[in-house]
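Colleague: Could you have a look at this structure, given as C-alpha cells, before my questions?
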Amino acid sequence: MLDHMLTADAMLREANMGVLDKLKIVALAKPVKGTVEQERRKKLAEQLTEQLKLAEASLGGVAYQRTKAAWETDADGNRYRVQRPVKLRQWWTVGDGGTVQFGVRYGAVPLQLQPGKTAVEVGKLADLCHTSGAR
C-alpha cells in the first residue's frame, strides 16, 4: 500500500512539474507592518468613518448599530459565534442655536486641532456629513 502511495505521489509531482517549471517560484516575503504612526492614522480614519455612518443614520432617522463577533457557550458547553452590538458614542453635540460641534477623539482623548480648541463647528448635522466628504 505504501509503495502505491509513493508512486501516486511521484506521478502527481511529475505531472505538475511541467506546470511548475513555467512559473517563477520565490520565497514568500513577510508582510510589511506599518509604522506606529501609520497604524494610528489608520485607526483614526476608521473611527472617523464610523462617526460618518452614525451621523448619516441619525440624519436618515434610523438607528446605526455596529456589531462585533463574540463566542458564547450554551448550557451544554457548546461554543458558537454570535454578533454582539457595540456601544458607539457620538463625537458631536448640538448647541443651543442648532449648531453642531464635532470633536475629534483618539480613544477617550479629545485631540487639539488648534491650541486650546478641540472641536469643529458647523451649521447643522447635514453640513457635517457634507464637510467630511460623504457621498
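The values are calculated or read from the model by the stated rules, or taken from the named source; none is laboratory data. Every value quoted in this text rests on a predicted model; they were computed, and no experiment measured them. Positions of Cβ are backbone-derived with ideal geometry, glycine not excepted, and every protein chain shown enters the neighbour counts.
Colleague: For segment 68-86, indicate whether the set of residues that are surrounded by 12 or more Cβ atoms within 10 Å (Cβ to Cβ) and among the hydrophobic types (A, V, I, L, M, F, W, C) is non-empty.
Modeller: no
Colleague: So is Y106 in contact with a helix residue (DSSP H, G or I) (Cβ under 9 Å, 6 or more places away or on another chain) and surrounded by fewer than 14 Cβ atoms within 10 Å (Cβ to Cβ) or not?
Modeller: Criteria met by Y106.
Colleague: Taking only segment 58-103 into account, find how many residues are under 18 Å from the mean Cα position of the chain (by Cα), aliphatic (A, V, I, L, M) and either closer than 20 Å to G123 by Cα or at pLDDT 90 or above (or both).
Modeller: The total comes to 3.
Colleague: Do you know which of the residues in segment 40-65 that are in a helix (DSSP H, G or I) and among the hydrophobic types (A, V, I, L, M, F, W, C) is farthest from H130 (Cα to Cα)?
Modeller: By that ranking, first place goes to L44.
Colleague: Restricting the search to segment 59-110, which residues are in contact with a Phe, Trp or Tyr (Cβ under 8 Å, 6 or more places away or on another chain) and small (G, A, S)?
Modeller: Listed by number, the list holds a single entry, G103.
Colleague: Next question. With the structure loaded, tell me whether A119 is over 18 Å from the mean Cα position of the chain (by Cα) and surrounded by 10 or more Cβ atoms within 10 Å (Cβ to Cβ) or whether it fails that test. Quick ask: steps written out before the conclusion?
Modeller: On the way: over 18 Å from the mean Cα position of the chain (by Cα): yes; surrounded by 10 or more Cβ atoms within 10 Å (Cβ to Cβ): yes.
Considered against the rule, which asks whether it is over 18 Å from the mean Cα position of the chain (by Cα) and surrounded by 10 or more Cβ atoms within 10 Å (Cβ to Cβ), A119 comes out as yes.
Colleague: If I filter segment 21-39 for residues that are surrounded by fewer than 10 Cβ atoms within 10 Å (Cβ to Cβ), without any contact (Cβ under 8 Å) to a residue 40 or more places away in the chain and part of a strand (DSSP E or B), do I get at least one hit? Show your work before the answer.
Modeller: Residues of segment 21-39 surrounded by fewer than 10 Cβ atoms within 10 Å (Cβ to Cβ): 21-33, 35-37.
From what's left, without any contact (Cβ under 8 Å) to a residue 40 or more places away in the chain: 21-33, 35-37.
Add one more test, that the residue is part of a strand (DSSP E or B), and what stays is none.
Among the residues of segment 21-39, not one is surrounded by fewer than 10 Cβ atoms within 10 Å (Cβ to Cβ), without any contact (Cβ under 8 Å) to a residue 40 or more places away in the chain and part of a strand (DSSP E or B), which makes the answer no.
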